[in-house]
1. Does residue 377 satisfy the condition of being farther than 18 Å from residue 411 by Cα and touching an Asp or Glu at 6+ places or on another chain (Cβ under 8 Å)?
2. Can you say whether residue 376 is in contact with a Leu (Cβ under 7 Å, 6 or more places away or on another chain), open to solvent by less than 10 Å² (accessible area, probe 1.4 Å) and not in a strand (DSSP E or B), as far as the supplied structure shows?
3. Is one or more of the residues making up segment 411-432 part of a strand (DSSP E or B), under 27 Å from residue 226 (Cα atoms) and at pLDDT 85 or above?
4. Please go through segment 309-323 and give me each residue that is of a type in the set (Gly, Ala, Ser) and within 11 Å of residue 281 (Cα to Cα), ordered by number.
5. Please work out if residue 208 is acidic (Asp, Glu), surrounded by fewer than 20 Cβ atoms within 10 Å (Cβ to Cβ) and without any contact (Cβ under 8 Å) to a residue 40 or more places away in the chain.
6. I'm told residue 330 meets every condition in (1) modelled with pLDDT under 95; (2) among the polar types (S, T, N, Q); (3) within 26 Å of residue 273 (Cβ to Cβ); (4) surrounded by fewer than 18 Cβ atoms within 10 Å (Cβ to Cβ) except one. Can you identify the failing condition by its number?
7. List every residue pair whose Cβ atoms lie under 6 Å apart, where the two residues are 6 or more positions apart in sequence or sit on different chains, the first residue falls within segment 251-277 and is under 11 Å from residue 298 (Cβ atoms), and the second residue, located anywhere, is modelled with pLDDT of 95 or more.
8. For segment 273-307, enumerate the residues that are at pLDDT below 95 and of a type in the set (D, E, K, R).
Amino acid sequence: MVEINPDFISPLPHDVIHAIFSFLPLKHAVKTSILSTAWRSLWMPIHVNLDVGLDQIVNPEVSKEVTRVIATFLISCNCPRKLYFGLPKSEKVKLQMKNEWFLMATKVDEKELYLSFSEENRPTKDHYHLILDLGSSPNLANSFTDASRFASLKVLHLRSITHLDKNMVAALFSICQLLEVLKLVKCSGLKHLDLKGGSHFQSFEMLDCPEVVNINLSAPKLKSFRYRGVLPRIQIKKASGFTDALLDFRDGPGYIEFDCEELITLLKALKDVEILTLSGWLLEWMCSAGVIFGKLGFQFNKLKELWWIGSQMDRTNRDSLACFLNFTPSLERLFIDINTQLDYVPCPPFHHYWHEPHLWMDYAAVKCNALPLERLKTVFMVGFTKQEEELLLMDLLLEKASESELTSMIVKSPENDSWRVAKIPRGRWLLQTWISKWFSVSSADQDEWFFGYVDQDYCRDLCPAHSTVF
């Protein structure tokens with residue numbers, strides 16, 4: 001006889017289910033559709049066909065009316081809902097299918113909203129300038145904006161905005177005075193962004209917008225800034241309470257001239273963060289271009305976690321990281337991610353008579369001039385391939401870390417094998433039973449590196465705080 005497990009969740013009243021959703025982030029709430037047919041029905045999309053041509057959206061009056069209609073639908077939904085807004089393909093053919101929408105909206109309650117503009121069947125994506133003033137006051141001259149304001153909205157996700165959508169987005173969300181979090185993702189054509197946050201605005205995230213050149217950000221209560229893509233000009237004003245910053249410039253210098261002064265200004269604005277992610281090529285270029293971190297007049301005194309990301313660990317990358325570590329006296333956790341899947345960003349010749357002295361010293365001098373990392377507890381290197389420069393970096397870290405504080409140094413190979421690291425002077429007697437569990441690599445200084453296998457469960461919790469972004 002087959003035992004049937006009782007279904008306790010499908011019979012729940014919708015009000016109870018909505019209450020459960022209200023405690024979940026939007027991305028987790030949507031996943032609950034797999035729990036039961038009843039829960040899945042709550043996420044069945046509503047299709048709304050707008051009787052206006054795509055080429056008419058650029059007309060200010062038409063755009064204003066479309067914005068008003070969309071705002072009305074979004075505000076009227078006070079329960080979990082997916083909405084697909086479509087435009088006619090021609091005067092006679094209306095959009096009916098899910099894959100023919102131009103805007104998808106997902107909403108759990110009035111506090112979080114996800115808008116995704118279709119990337120398919122759109123005209124050529126022209127460059128555009130997006131202006132968002134989240135802290136502005138309602139304007140009676142724009143009654144449709146006043147009516148459509150999202151007074152309780154706290155988290156807003158915007159994806160794939162184009163030049164056709166910028167006015168709509170600005171009109172919908174320029175008076176979200178309670179907004180705390182804004183995420184922009186894959187906005188092709190976005191070249192300039194001016195963002196002014198209100199008194200509640202705390203977190204801004206911008207990922208994979210390949211044409212961006214300028215980001216001007218003003219928010220007095222901003223705590224988190226996270227960016228991935230090409231290196232743009234970034235100006236952060238009126239912000240003094242940062243706790244974390246992600247500067248992942250994996251796509252290189254982009255469309256601007258590399259300017260050390262601008263980058264120093266950016267780092268100074270972020271100097272009080274506790275969690276920081278940096279691209280390795282950025283440190284290499286800054287050091288090669290003349291920046292001496294020890295003479296900048298400020299340090300990352302509160303920094304507890306650093307995540308270095310790069311395509312390789314060669315000498316200049318190793319030494320530029322060593323330079324920056326002199327800038328982080330309170331560092332506790334260091335993550336080094338050597339990812340060969342990332343594009344290599346070659347360093348151009350910089351014509352300076354002076355630059356970071358580490359870059360022309362031999363390793364012995366670099367090691368001698370490195371400052372202590374007395375609070376360093378954890379080092380985790382991913383992409384370890386037993387190269388000499390990797391061994392020398394670990395040697396430097398072991399030399400400068402306090403033996404009483406450093407509790408783990410772990411390396412992980414591209415094949416996902418992990419080992420604990422120990423350095424043993426050559427000739428020291430070791431128990432044979434210990435040696436049998438470790439393998440060794442000899443370094444140029446005639447010391448022996450021993451690597452002991454570590455179970456994957458041990459490494460599961462060893463991940464940077466910003467790894468959840470990707």
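The values are calculated or read from the model by the stated rules, or taken from the named source; none is laboratory data. If you're wondering where the values come from, they're calculated on a predicted model, not measured in any experiment. Ideal geometry is used to build each Cβ from the backbone, glycine not excepted, and the neighbour counts take in all protein chains shown. With ligands, DNA and RNA removed, areas are computed over all heavy atoms of the protein, side chains included. Shrake-Rupley method; radii C 1.70, N 1.55, O 1.52, S 1.80 Å.
1. Answer is no for this residue.
2. yes
3. Within segment 411-432, one or more residues are part of a strand (DSSP E or B), under 27 Å from residue 226 (Cα atoms) and at pLDDT 85 or above.
4. 310, 311, 320, listed by residue number.
5. Considered against the rule, which asks whether it is acidic (Asp, Glu), surrounded by fewer than 20 Cβ atoms within 10 Å (Cβ to Cβ) and without any contact (Cβ under 8 Å) to a residue 40 or more places away in the chain, residue 208 comes out as yes.
6. Just one mismatch for residue 330, condition (1).
7. 270/245; 271/300; 272/302
8. 284, 295
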